[in-house]
1. Within the set of other residues whose C-beta is less than 15 Å from the C-beta of Arg247, count the net charge using Lys and Arg as +1 and Asp and Glu as -1.
2. Report, in degrees rounded to the nearest 10, the 0 to 90 angle that the Cα long axis of helix 102-115 makes with the longest principal axis of the chain.
3. Tell me the angle of helix 239-248 to the major Cα principal axis of the chain, expressed in degrees between 0 and 90 and rounded to the nearest ten.
4. Mind pulling the per residue volume of the convex hull built on the Cα atoms of segment 51-96? Å³ is fine.
5. Give the value in nm², to one decimal: projected area of the alpha carbon convex hull of segment 18-90, averaged over all directions.
6. Under the Karplus relation 6.51 cos²θ - 1.76 cosθ + 1.60, θ = phi - 60°, what is the ordered set of whole-Hz ³J(HN,Hα) values for segment 61-75, x standing for Gly and Pro?
7. With a 1.4 Å probe and every protein chain kept in, tell me what percent of the accessible surface of the chain is carbon plus sulfur.
8. With the other protein chains left in place, how much accessible area per residue, in square angstrom, belongs to the chain at a 1.4 angstrom probe?
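The values are calculated or read from the model by the stated rules, or taken from the named source; none is laboratory data. Quantities reported herein were computed from a predicted structural model and do not represent experimental measurements. Please note: Cβ atoms are built from the backbone with ideal geometry, for glycine as well, and neighbour counts cover all protein chains shown. Just so you know, the surface numbers come from the protein's heavy atoms only, side chains and all, with ligands and any DNA or RNA stripped out. Shrake-Rupley method; radii C 1.70, N 1.55, O 1.52, S 1.80 Å.
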Amino acid sequence: MVSVCFAGITGWTAPAIVAAIDDADDLTLASGVSRSAAGQSLATATGSTSYGSVYATVAEALESAAVDVLVDYTSAAAVKSNVWTAVGAGVHVVIGSSGLTSDDYEELDRLARDRGVGVIAAGNFSVMAAVLRRAASMAAEHVDRWEIIDYASDDKPDVPSGTSRELAETLAQVREPAVTVALSELHGPVEARGAEVAGVRIHSVRLPSFVVTTEVVFGGPGERLVMRHDPGMTPAPYVSGTLLAIRKVADVAGVRRGLDSLLFAEPAPDPGP
């Protein structure tokens, strides 16, 4: 039985994943983390059938109950502290939050290997998003120009999203996209060309009605290829991928990025730890 602590237990993604953990024969929810619900039982805070409690910090949760895996669906402001605390305590981690940089992942990979701990991080735990990442990597082997459009809700403060950042870093491992007009040669504000991540231009749109939609546009002479993952307004797309990561995270020490690393025999290029 794999014992799970869920950080972000009162967040938008939590209810569907908590219910799936409760229904699983091989998983159990040991504790949750939420400042607003600290001190409550899991049953009161989430409706879970588990008997654990909710704590204000990951450190308190790990001290109070035995945990095999921390699942983090918090925020860009909280994720680093949560993850480093768990890995330092020898707890495997599944990261569904955005906000960590490539340098952060390099540092985390070293720490996780030193502790013999597994970490799986995905900008998006949707199976369809993982398929997009895989397909885009295949396209980048044959097409040398692309840009990414990153859509999210108007209240999402971090840009670009973890999904689009992870996609850009993955594609850059295949090749860096060609550019016809360099930024230094532009007439007008450089910001109009979006942000650069691993040599890839990302344009972040923040409007009501979006969750986290990711679109990559490949362009060639006389033709375009558009790939887009467009989830609905519920967390249902992220449940099966998160549970798969919980079950597989202990298999390998160090950081693995992207759900496709678990879905395909030959994963898309790893954007790096």
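1. On the way: positive: Lys248, Arg256; negative: Asp23, Asp25, Asp26, Asp68, Asp251.
Around Arg247, the charge tally is -3.
2. The two axes meet at around 40 degrees.
3. The angle comes out near 70 degrees.
4. Numbers: hull volume 3.4 nm³, N = 46.
It comes to 74 Å³ per residue, whole-number rounded.
5. Details: hull surface 18.9 nm².
Mean projected area of the Cα convex hull: 4.7 nm².
6. 5, 6, 6, 9, 8, 5, 9, 8, 9, 9, 9, 10, 10, 10, 8
7. Summing carbon and sulfur atoms, their accessible area is 52 percent of the total for the chain.
8. Values: 12370 Å² over 273 residues.
Heavy-atom accessible area per residue stands at 45 Å².
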